[in-house]
Amino acid sequence: MSEWIAKIDFSSVNKIFNLKKLFIVDVIFILAFSTNLTAATGLQRVKYNHPGLVVDLGVGLWAWPIPTDYDEDGDNDLLVSCSDKPCNGIYFFENTSGNVKLPIFKAGIYLGPAHKNIQPSYVDGELRLLSANYEICDYKKNNFTKRERIYPTPWLHQHKENRKIRANQWRYVDYDGDEIYDIIAGVGDWEDYGWDNAFDKNGNWTHGPLHGYVCFMKNLGSNHKPDYAPPIKLKADGKIIDVYGMPSPNLADFDNDGDFDLICGEFIDKFTYFANIGTRQKPLYAAGRRLVYNDRPIHMDLQMITPVAYDWDKDQDVDLIVGDEDGRVAFIENTGQIIADLPQFLPPQYFRQQAADLKFGALVTPVSFDWDSDGDEDLICGNTAGYIGFIENLDGGNPPRWAAPEYLEADGRIIRIQAGDNGSIQGPCEAKWGYTTLNVADWDADGLADIVINSIWGKVQWFKNIGSKNLPLLAAAQPLEVEWSGKPDQPAWNWWIPKGNELVTQWRTTPVVIDLNRDGLNDLVMLDHQGYLAFFERVKKNSKLILLPPQRIFQAQGQSKFLQNHKPAQDQPQEKLSPLQLNAGSAGASGRRKLCLIDWDLDGKLDLLLNSVNINFMKNVAEKEGQFVFKDMGQVDTRILAGHTTSPTTVDWDKNGIPDLLVGAEDGHFYYLKNPHEKRKTKN
């Protein structure tokens, strides 16, 4: 501990936190959060271990950016709020490059807790932060923990708390040029949308859209004693402004004509511009138009975007700083040009930072495999955006030194699976998500490693390796086919029908490729269309590899809060077995199981590791008559890594022949756990 403390730069800490004096315990508290320290025996966040490497700036799931000169050194820094698990917080990214458009930032430092729907306001040159009807006060002094109420209720849209309100984004702004600050608020309303399973047989969404309204509350008092009028919804072209959810409204003079225009984001990926055709004192908005570049709409890479109007490059026009769902933040530059009354912005450029914690998007789904056949374990990963990434192990060390992630290609194009308008059972608002989850194995028995994937669609596909062991090259995706005896199985809620013999099962579930019956052929283990863990056996017929229909050979023993279906009656013995149904939910609540099969407790039998708030260990307690019996032994650690999901794989970085755990977490980071059963094998 003393050696670690000696490395602390106290002058930097004082500068960052605006404190004149710190006790050593305060420094330890701050630095513990900033470096995400965990106990040596628990889940450890994996580092790049690569000095000099630069990667995309990122926090965990959901990035809410706050551009500001936080350290008051004359250049723009970034605060980014992240409200997910496990890295909930507001993080400080220090600008190391000065006043340039695309500086390199230091790795993020934890400052304090995140606040839902946090929005920056720039009032007379001062940064102020609102979280719905509260202001976060004296945030440098109080580490973002002190709040004061500025309005009686957060509920503006018809004042109904039970409405399905998601975004609720408040900002101070002098709306009408009277030098008194009013409030505007973006409200995302999901009432008409409902939630999921509302497609007709042709794939048309039968519920309504997301709604995104902009509310205005005039300050009838003063800046020192505000008195806000009831909210009214702003209009454009005589109609209530209504974008596709999550409006993130920004009022600024985007076209440099002296009045305030409006730019809104949305729940998906684009921006709508409402020109002020009135005056600074009496705004009047024209119909909304998409921001475009070369006549094509400007869009972010992912969705759930959060734009903030800010003159980032200090050239006297107002740019956009935009957060993405996977934790990245982009700069969208206002060029200052106006074409056909529309301000011209450039496409997003994502900020970069000094590499610290290994990351690949959000809800990352890793598999450890020596992809380039150089003798060490690389990582092949999926994520929410639908990409498949290759993270190269550069030195085979323990822990390894990692390269920056690269997107894999197939048939010469970057692999990206997306839902589009009707590929997600939860509806068209999930158009840009893909939720790729995968396995790496020699599927066609030609000696080369292929990739088998599932995704948001529930279509199980594979990419054939047509390259070599050292230089893999992937062909276009093709479906995994099952020799069905009749119509292919499919989830009851799918609006679309499988083609031919393709395998369609529950969405977002890992396809585990393994020679389960040890006959020399790779089989498939994954959830079937009803959520049961199933065995798809591989056989040869006339020298052709065939995949047989699923068999429910996996059983659950005892009661488990973790397993949704297995709740035996009180008069039933705990030893009673039942088929292992890992998800009994339907539609959007179905699937979502990430798993791997490995002898985790080193007793010679294959166990099951399953996603949970970290990972649950399902012990193999019996194998008989072609049946596997598992018992839930609980979570492998106390650390919470997810509100949505995690994804397990195993690694052997220390090359001792014992599998250790690597968890892909909700924040897109990776967490390592040394196998606690290692001592058993050492003793034996």
**OP:** Compute the convex hull volume of the Cα atoms of segment 70-146, divide it by the residue count, and report the result per residue in Å³ as a whole number.
**Re:** 106
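Fully extended, how many nm does the chain gain between Arg296 and Lys233 (0.36 nm per residue separation, minus their Cα-Cα distance)?
Values: separation 63, 0.36 × 63 = 22.68 nm, distance 2.92 nm.
Working it through step by step, the gained length comes to 19.8 nm.
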Subject >> Compactness of the chain, expressed as Rg and Dmax over alpha-carbon positions, Å >> reply: 26.6, 85
Subject >> Sequence-distant residues sharing a close amide H with Gly643 (under 5 Å, placed H) >> reply: Lys85
Original post:
Each label point is 7 Å from the Cα along the Cα-to-Cβ direction; what then is the distance between the points at Leu545 and Trp495, in nm?
Top reply: 3.5
Original post:
Antiparallel as a % of all DSSP beta bridges within the chain, to the nearest 5?
Top reply: 95
**OP:** Whenever you get a sec, compute what percent of the accessible area on the chain sits on carbon and sulfur atoms (1.4 Å probe).
**Re:** 49
Original post:
So, in nm, how far is label Ala475 from label Leu342 when the simple model puts each one 7 Å beyond its Cα toward the Cβ?
Top reply: 4.2
Original post:
So how tilted is helix 24-35 from the main axis of the chain? Cα-based, degrees 0 to 90, rounded to 10.
Top reply: 70
Subject >> Rounded to whole Hz, the Karplus (6.51, -1.76, 1.60) HN-Hα couplings of segment 500-510, x for glycine and proline >> reply: x, 9, 5, 8, 10, 9, 6, 5, 6, 10, 5
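Which whole-number percent gives the relative contact order of the chain, counting Cα pairs below 8 Å spaced six or more residues apart?
Across the chain, relative contact order equals 11 percent.
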Original post:
For His207 and Asn99 in the same chain, what is the full-extension length gain: residue separation times 0.36 nm, less their Cα-Cα distance, in nm?
Top reply: 34.1 nm
Original post:
How big is Rg to Rh over segment 388-468, alpha-carbon atoms, Rh as the Kirkwood inverse-mean-distance radius?
Top reply: 1.05
Original post:
Where the only charges are on Cβ atoms (+1 Lys, Arg; -1 Asp, Glu), what is the dipole of the chain about its Cα centre, to the nearest 20 debye?
Top reply: 2060
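Counting heavy atoms of the protein chains only and a 1.4 Å probe, report the per residue accessible area for the chain as a whole number of Å².
On the way: 28580 Å² over 684 residues.
Counting only protein heavy atoms, the per-residue value for the chain is 42 Å².
Between Asp257 and Arg413, what is the FRET efficiency for a Förster distance of 41 Å, r being their Cβ-Cβ separation, to the nearest 0.05? Walk me through the intermediate numbers first.
On the way: r = 43 Å, r/R0 = 1.04.
Rounded to the nearest 0.05, the efficiency is 0.45.
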Subject >> Most positive-pole-ward Cα, Pro231, Gly245, Thr272, against dipole of segment 216-275 from beta carbon charges >> reply: Pro231
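Taking a threshold of 28 Å on the Cα-Cα distance, which of the pairs Lys141/Lys225; Lys359/Lys655; Lys619/Lys679; Lys432/Lys631; Lys116/Lys140; Lys487/Lys544 fall above it?
Numbers: Lys141/Lys225 23 Å; Lys359/Lys655 23 Å; Lys619/Lys679 18 Å; Lys432/Lys631 37 Å; Lys116/Lys140 18 Å; Lys487/Lys544 21 Å.
Long pairs (Cα-Cα over 28 Å): Lys432/Lys631.
The values are calculated or read from the model by the stated rules, or taken from the named source; none is laboratory data. Just so it is clear, the model here is predicted, and its values are computed rather than measured. Here the Cβ is made from the backbone with ideal geometry for all residues, glycine too, and neighbour counts use every protein chain on show. Surface accessibility is based on the protein's heavy atoms, side chains included, excluding ligands, DNA and RNA. Shrake-Rupley method; radii C 1.70, N 1.55, O 1.52, S 1.80 Å.
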